[in-house]
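Visitor: Have a look at this one before I ask anything.
What follows draws every value from the coordinates through simple rules; no lab data is involved. Note that the structure is a prediction, hence the values are computed from the model and not measured. Methodologically, a virtual Cβ is constructed for each residue, glycine included, from the backbone with ideal geometry; neighbour enumeration extends over all protein chains shown.
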Amino acid sequence: MMNRILLFMILAFVLSLSEVEPISFKITNRCRNTIWPGLLSGANSAPLPTTGFRLSRGKSKTVAIPASWSGRLWARTLCSQDRSSGSFVCLTGDCGSGKVECTGSGAKPPATLAEFTLNGTGGLDFYDVSLVDGYNLPMLILPKKIVLGGCGATGCLVDLNGACPRDLKLVARGKGNGVACRSACEAFGDPRYCCSDAYATPDTCQPSVYSLFFKHACPRAYSYAYDDKTSTYTCATGADYFIIFCPPPYTSEKLLGSRKDGATLPLVNKSMIHLRHPHSS
Ligand SMILES: *[C@@H]1O[C@H](CO)[C@@H](O)[C@H](O)[C@H]1NC(C)=O
Ligand SMILES: *[C@@H]1O[C@H](CO)[C@@H](O)[C@H](O)[C@H]1NC(C)=O
């Protein structure tokens with residue numbers, strides 16, 4: 001009797017596995033320097049095989065993702081082992097774990113975020129690149145599948161660290177002209193910029209000169225909390241995704257120009273051409 005129950009449980013488990021095929025994220029580093037991607041699963045999502053790893057320049061890593069996952073992904077930069085404490089720390093995107101794995105914690109802002117809800121409402125994947133918590137690196141999300149009027153490429157392809165307004169710029173000693181660009185919400189804590197308190201609705205929270213700086217440079221990325229209309233992308237569930245850090249902006253744009261993804265805004269704003277990224281190859 002016991003054996004039969006056990007057999008049934010094993011069978012049910014195997015069936016449940018075959019029912020939900022995982023998809024994959026292929027994460028690529030096209031930046032000049034090593035980056036340390038971090039992954040954070042949402043509250044009700046299954047854990048991933050990795051929550052953080054080192055990715056050298058030019059390298060890619062493919063991570064299996066449950067088809068019904070939600071969570072976010074970012075990259076840490078300028079990381080090192082602290083000599084006295086032995087703790088692993090990063091100047092941008094640090095997840096506070098003290099290790100290369102992020103073990104359940106997210107990025108300290110400012111960091112460019114890729115946000116995913118796979119197999120969400122209506123059996124669709126929802127994804128976006130968000131600058132709501134600031135910016136640290138250019139990033140591109142590219143669904144592998146090409147579907148007419150869907151599965152659009154999104155991201156922020158230009159360098160905003162050098163161009164970042166002075167009040168938002170995060171600088172680090174000996175690291176050149178800025179390592180990240182803060183959001184106005186983080187920099188000033190004003191409810192107007194944070195879309196909080198009296199400004200917690202789409203009608204009351206308006207774009208600011210600061211959010212418009214991000215939006216003009218990266219028209220498809222989220223620039224403030226209620227920027228949903230032009231910043232959320234969808235694809236049929238089951239797609240695999242490429243996530244590329246520091247994609248070469250103009251080759252990407254040419255490659256993507258032929259994709260009829262139905263997006264209303266360009267991926268790169270040609271009049272912001274001077275913001276070419278120094279990290280890109
Ligand atoms: C998507 O979610 C539904 C339940 O909400 C589930 O039945 C279905 O198997 C899921 N599809 C995939 C591909 O995981
Ligand atoms: C491109 O940048 C210019 C100059 O900042 C801005 O006026 C324009 O609205 C931007 N275009 C888009 C599509 O964001």
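Visitor: Using helices alone, I'd like the mean residue ellipticity at 222 nm for the chain: each DSSP H run of four-plus residues gives -39500 (n - 2.57), total over residue count, nearest 500. Walk me through the numbers on the way to the answer.
Guide: Working: 5 runs with 44 residues, N = 281.
The per-residue figure over the chain is -4500 deg cm²/dmol.
Visitor: May I pose another question? Sort 115-125, 43-53, 198-208 by packing, meaning the average of other beta carbons within 10 Å per residue, with the highest value first.
Guide: Answer by packing, highest mean first, reads 115-125, 43-53, 198-208.
Visitor: Using mean Cβ contacts within 10 Å as the protection proxy, how do 73-86, 224-237 order, highest first?
Guide: Values: 73-86: 16.8, 224-237: 18.4.
Put in order of decreasing packing, that is 224-237, 73-86.
Visitor: Quickly work out the ASP167-to-THR50 label distance, labels modelled 7 Å from Cα along the C-beta direction, and quote it in nm with one decimal.
Guide: Between THR50 and ASP167, the simple spin-label model gives 4.0 nm.
Visitor: Would you kindly derive the ³J(HN,Hα) couplings of region 94-104 from the backbone phi angles with the Karplus curve 6.51 cos²θ - 1.76 cosθ + 1.60 (θ = phi - 60°), listing them in order in whole Hz, with x for Gly and Pro?
Guide: Residue by residue, region 94-104 yields 3, 9, x, 7, x, 9, 6, 6, 8, 6, x Hz.
Visitor: Right, next: Check which residues have an amide H placed less than 5 Å from CYS79's amide H, if you skip close sequence neighbours.
Guide: Placed amide hydrogens put LEU91 under 5 Å from CYS79.
Visitor: Net charge near ASP240: determine it from the other residues with C-beta under 14 Å of the C-beta of ASP240, scoring Lys and Arg +1 and Asp and Glu -1.
Guide: +2
Visitor: Return the long-range amide H neighbours of ALA180 (sequence gap of 5 or more, or a different chain), with a cut-off of under 5 Å between placed amide H atoms.
Guide: Distant-sequence amide H within range of ALA180: LEU170.
Visitor: Kindly state, to the nearest 0.05, the FRET efficiency for VAL147 paired with ASP82, given R0 = 41 Å and r defined as their beta-carbon distance.
Guide: Computed FRET efficiency for VAL147 and ASP82: 0.30.
Visitor: Work out from phi, with θ = phi - 60° and the Karplus expression 6.51 cos²θ - 1.76 cosθ + 1.60, the ³J(HN,Hα) of each residue of region 32-44, listed in order in whole Hz, and give x for Gly and Pro.
Guide: Per residue, the Karplus-derived 3J(HN,Hα) values read 5, 10, 4, 10, 10, x, x, 10, 10, 7, x, 3, 9 Hz.
Visitor: Ok, one more. Residue by residue, what Karplus-based ³J(HN,Hα) values in Hz, rounded to whole numbers, does region 133-145 have, using 6.51, -1.76 and 1.60 with θ = phi - 60° and x for Gly and Pro?
Guide: With coefficients 6.51, -1.76 and 1.60, one gets 9, x, 9, 10, 8, x, 8, 10, 10, 10, x, 5, 6 Hz.
Visitor: Please get the size of the charge dipole for the chain, origin at its Cα centre, with Cβ charges of +1 on Lys and Arg and -1 on Asp and Glu, quoted in debye to the nearest 20.
Guide: 1120 debye
Visitor: Could you work out the mean projected area of the convex hull around the alpha carbons of the chain, in square nanometres to one decimal?
Guide: On the way: hull surface 72.6 nm².
Answer in nm², one decimal: 18.1.
Visitor: For region 168-281, treating each Cα as an identical point scatterer without solvent, what Debye log10 I(q)/I(0) comes out at q = 0.11, 0.13, 0.15, 0.19 1/Å?
Guide: Debye curve over Cα of region 168-281, log10 I(q)/I(0) at q = 0.11, 0.13, 0.15, 0.19 Å⁻¹: -0.48, -0.66, -0.86, -1.20.
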